[in-house]
Amino acid sequence: MTSPDFSSTVKTHKHRRISLRTPLRCGFTILLCSCLFAGAAECRARLAQEAAQDVAEAARQGRTRKEAKGTKHVYTEEDLRRAKILTADDEARVQARREQQLPSRVGTSAGAL
């Protein structure tokens with residue numbers, strides 16, 4: 001058997017050509033993913049801001065509608081004990097309805113004769 005010679009300092013090296021494709025591919029992939037994640041985060045933030053503006057606008061419109069409609073009085077037991085139950089606004093509404101219904105009743109009774 002032959003023993004190996006460890007005293008030799010000269011080693012033969014095989015030189016391989018280093019390909020830059022793999023590191024460049026990895027770098028490009030990392031850069032692409034970073035851009036995509038940053039863009040997605042910005043897009044999500046913009047959509048959230050638009051949704052918040054839409055909700056705020058809907059709330060403003062609802063508040064405007066409610067103010068235009070006016071407040072209605074809720075009748076309680078105390079109101080029912082008084083001699084005059086209706087508020088001035090409700091009394092005006094009732095009177096307006098009576099006046100609208102009165103001409104239509106007169107017109108139908110005159111046509112029947």
So residue 95 clears everything in (1) under 20 Å from the mean Cα position of the chain (by Cα); (2) at pLDDT 90 or above except one condition, right? Which one? (1)
For a quick check of your reading of the model, give me the residue pairs whose first member lies in the stretch 58-85 and is at pLDDT below 90, whose second is surrounded by 10 or more Cβ atoms within 10 Å (Cβ to Cβ) and part of a helix (DSSP H, G or I), with beta-carbon atoms closer than 7 Å and at least 6 apart or on different chains. 73/90; 85/79
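The values are calculated or read from the model by the stated rules, or taken from the named source; none is laboratory data. A quick note: this is a predicted structure, and the numbers were derived from the prediction, not measured. Reconstructed Cβ throughout: ideal geometry from the backbone, glycine too, with neighbour counts over all protein chains shown.
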